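See below for the structure under consideration.
The values are calculated or read from the model by the stated rules, or taken from the named source; none is laboratory data. Owing to the predicted nature of the structure, the values given are computational and were not obtained by experimental measurement. Reconstructed Cβ throughout: ideal geometry from the backbone, glycine too, with neighbour counts over all protein chains shown. When the accessible area is computed, the model is the full protein with side chains, heavy atoms only, and any ligands, DNA or RNA have been set aside. Shrake-Rupley method; radii C 1.70, N 1.55, O 1.52, S 1.80 Å.
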Amino acid sequence: MRADPELYDFQPYRGRPNYLWPGDKPVAVWVAPNLEYYEIDPPANPQRKSWGKPHPDVVGFSHRDYGNRVAHWRMAEAMSKHGFPGSVSLSVALCQHHPDIVRDGVERGWEFFSHGIYNTRYTYGMDERQERAIIEDSIRTVREATGQTIRGWLAPALTHTERTMDLIAEYGLDYTCDLYHDDQVLPVKTKTGRLVSIPYSLEVNDHYGFFVYNMSPRDYADTLIRQFERLAAEGAASGSGTVMCIPLHAYLIGQPHRIGPFEDVLRHIAADGRAWIARAGEIVDHHQASVGGAA
């Protein structure tokens, strides 16, 4: 096994190419709602359990189903109110299970990329044929449901094989959210195609905030504001634009007791004046037009 996957070159944070976002904004901010579908009794994967409890896990399933039934609308309305489009990390099976949610995102002008078919089916142990089938299914299903051709990938439940990056690039996707190594858009080495990494986040992901770090809603909101303030200041000081991603799960952030502090964050960023609020694909396009292969 290689010590280094050799997906990207080491590049120190200082001395990078100078470019800012449209309007000379120092930080680009994108919101990534994870619109997911969890099976109540998924096929077993020998390397990872889908649920903490024996199947069928009615509690786990129904907790997440709250996001699709109720909390999506609460989250989406807060985002739209403050001018934040979504770049959707989509379990593409949602297009069949809950097409109303996908249609709502389309009507709001949201962008869609793939998060696999179900978030209860993992890439671990898949052969190349199986992994290609997931990518092909994602491209076809999202195109039929939204008219969009997906450009991005976040592996289902963050599970990968050694060939994942090469395959998504081969199929024409041009950004991945699966690397958590930087605060700027950077190229990824693949056998074919042209792939970049757009900053996604585990640290300010609401799943980590509430499930791992046990934050209160106010603590999480304060964390997002501090993340924004620092990245905006660093982008302005260096003249090299940074990226802030806010990854969300409706069943978490859209709870009645959490949505108010989160809306305060959106209001703060929108009023600040230093943020370019954009979709993931727009960030990738501006970066490539500004620095191309120089980054």
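Based on the mean of other Cβ atoms within 10 Å per residue, sort peptides 222-232, 6-16 so the most packed one is first.
222-232, 6-16
In Å², what does the accessible area per residue of the chain work out to with a 1.4 Å probe?
Using a 1.4 Å probe on heavy atoms only, each residue of the chain averages 44 Å².
Quote the accessible area belonging to residue 269 in square angstrom, nearest 10, computed with a 1.4 Å probe and with ligands, DNA and RNA left uncounted.
Roughly 0 Å² of residue 269 is accessible to a 1.4 Å probe.
Could you check the simple spin-label distance between residue 4 and residue 24, using points 7 Å along Cα→Cβ, in nm with one decimal?
3.8 nm
Applying a 10 Å radius around every beta-carbon, put 179-190, 26-37, 120-131 in order of their mean neighbour count, most first.
Sorting 179-190, 26-37, 120-131 by mean packing, highest first, produces 26-37, 179-190, 120-131.
Using the basic label-point model (7 angstrom from Cα toward the beta carbon), what is the residue 137 to residue 202 distance in nanometres?
Each label point lies 7 Å from its Cα, and together they span 2.6 nm.
Using a Gaussian network for the chain with springs between C-alpha atoms less than 10 Å apart, which of these wobbles most: 62, 91, 138?
62
Placing +1 at every Lys and Arg Cβ and -1 at every Asp and Glu Cβ, with all other atoms neutral, what dipole size does segment 216-295 have around its Cα centre, in debye to the nearest 20?
For segment 216-295, the charge dipole is close to 80 debye.
Want the number for residue 270 to residue 58: 0.36 nm per residue separation, take away the alpha-carbon distance, what's left?
72.4 nm
If I compute solvent accessible area with a 1.4 Å probe over the protein chains, what percent of it on the chain is carbon and sulfur?
Here carbon and sulfur together make up 50 percent of the probe-accessible area.
Pulled fully out, how much extra length does the chain show between residue 103 and residue 222, if you take 0.36 nm times their separation in residues and subtract their Cα-Cα distance?
39.6 nm
If each residue of separation counts as 0.36 nm, what is the full-extension length gain between residue 237 and residue 162 once their alpha-carbon separation is subtracted?
Once the chain is fully extended between residue 237 and residue 162, it gains 23.3 nm.
Where the only charges are on Cβ atoms (+1 Lys, Arg; -1 Asp, Glu), what is the dipole of the chain about its Cα centre, to the nearest 20 debye?
In total the dipole reaches around 160 debye.
About the Cα centre, and with charges only on the beta carbon of Lys, Arg (+1) and Asp, Glu (-1), how big is the dipole of segment 98-181? Nearest 20 debye, please.
140 debye
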